[in-house]
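One structure is given below, encoded as structure tokens.
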Amino acid sequence: MRVILLGPPGSGKGTQGEMIAKKFHLPRISTGDILREAIKKETPLGLAAKAEMSAGHLVNDEIVASLVAERIKKADCKQGYILDGFPRNINQVRLLEKMDNSQEEIVFEISVPEEVILDRLTSRRICSSCGAVYNIITSPPQRPGICDLCGGSLIQRDDDRAEVVRERLRVYEAEIKEIIDHYKEKGVFYRINGQGTFEEVFQRIESLLVLKFKTKINQPKE
Ligand code: AMP
């Protein structure tokens, strides 16, 4: 089973991906996280990706696809996996289908209006040390600028600045239609209302997953 999460930056794909991963015991693969980790470690991949990422542009398709191909070969992906942030354009859709055509798919687009996204992302802060995510308005840390979990300092992602967020939304809108049309044609596409609490959004996703895969998945654990 392959769960593909589409949605503009800030739509909550990461959080929903984590919730699906926990409940259905599937690994979540976030290309954004893998790339950020590579930048932090200053690997050749990180160095190659850094300029594109800080400008809000897409990193080269082949580079990102090879990261995914390597990851899904691992044993924990045998029963399935969740893709968060990949595919990002129709070329990546085709690369994905070439690298693994064995999984039954379900695709969710988490839909959130643009003004909500801008508010969410420009007030997002992440811990520079453990990666925990905060929102200075809706879920602030107990002490301003300090991570509740590890005491690390909170920073704004370069690409969460308003002008870069606008560019990321533009890139998303330019690429998404073709992807959605493709998955609609395959009959695996569902649009999810991404407004409400994390739990409310998760319930919408979970009920569709259970409905579609009820005979195939292990009963979700509480
Ligand atoms: P995300 O955390 O998914 O919002 O991704 C952050 C940034 O990483 C994007 O703006 C891109 O620069 C890069 N990135 C993540 N996933 C991909 C992908 N599938 N293809 C190209 N670039 C990506």
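The values are calculated or read from the model by the stated rules, or taken from the named source; none is laboratory data. Keep in mind it's a predicted model, so treat the numbers as computed, not measured. Heads up, the Cβs are rebuilt from the backbone with ideal geometry, glycines too, and the neighbour counts pull from every protein chain shown. Note: accessible area is taken over every heavy atom of the protein model, side chains too, but ligands, DNA and RNA are not part of it. Shrake-Rupley method; radii C 1.70, N 1.55, O 1.52, S 1.80 Å.
What the table shows:
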| quantity | calculated |
| --- | --- |
| Meets criteria (more than 8 Å from the ligand (Cβ to nearest atom) and either within 17 Å of the chain's Cα centre (by Cα) or surrounded by fewer than 19 Cβ atoms within 10 Å (Cβ to Cβ) (or both)) for His25 | yes |
| Members of region 37-57 found to be in contact (Cβ under 8 Å) with a residue 12 or more places away in the chain and either open to solvent by 60 Å² or more (accessible area, probe 1.4 Å) or part of a strand (DSSP E or B) (or both), listed by number | Ala48, His57 |
| Residue selected from region 196-216 under the condition modelled with pLDDT under 95 and under 14 Å from Thr15 (Cα atoms), by the criterion least open to solvent (accessible area, probe 1.4 Å) | Gly196 |
| Among the candidates Ile34, Ile20, residue that is among the β-branched types (Val, Ile, Thr) and either modelled with pLDDT under 95 or under 9 Å from the mean Cα position of the chain (by Cα) (or both) | Ile34 |
| Residue that is among the charged types (D, E, K, R), at pLDDT 95 or above and within 22 Å of Ala21 (Cβ to Cβ), where the choices are Glu105, Glu97 | Glu105 |
| Selection from region 2-17 of residues that are part of a helix (DSSP H, G or I) and farther than 24 Å from Ile63 by Cα | Thr15, Gln16 |
| Residue check, Val68 part of a helix (DSSP H, G or I), within 10 Å of the ligand (Cβ to nearest atom), over 25 Å from Arg166 (Cβ atoms) and of a type outside the set (S, T, N, Q) | yes |
| Hey, Ile137 of a type in the set (A, V, I, L, M) and open to solvent by less than 60 Å² (accessible area, probe 1.4 Å) or not | no |
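Results for (1) closer than 24 Å to Glu104 by Cα; (2) of a type in the set (Ser, Thr, Tyr); (3) out of contact with any helix residue (DSSP H, G or I) (no Cβ under 8 Å at 6 or more places or on another chain); (4) not in a helix (DSSP H, G or I), shown as yes or no for each residue.
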{"site": "Tyr134", "(1), (2), (3), (4)": "no, yes, yes, yes"}
{"site": "Arg168", "(1), (2), (3), (4)": "no, no, no, no"}
{"site": "Tyr190", "(1), (2), (3), (4)": "yes, yes, no, yes"}
{"site": "Val201", "(1), (2), (3), (4)": "yes, no, no, no"}
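A quick yes/no check of all residues on (1) in contact (Cβ under 8 Å) with a residue 12 or more places away in the chain; (2) out of contact with any Phe, Trp or Tyr (no Cβ under 6 Å at 6 or more places or on another chain); (3) surrounded by fewer than 16 Cβ atoms within 10 Å (Cβ to Cβ):
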site: Cys127; (1), (2), (3): yes, yes, no
site: Pro141; (1), (2), (3): yes, no, no
site: Pro144; (1), (2), (3): no, yes, yes
site: Leu149; (1), (2), (3): yes, yes, yes
site: Gln156; (1), (2), (3): yes, yes, yes
site: Glu163; (1), (2), (3): no, yes, yes
site: Arg168; (1), (2), (3): yes, yes, no
site: Lys184; (1), (2), (3): no, yes, yes
site: Val188; (1), (2), (3): yes, yes, no
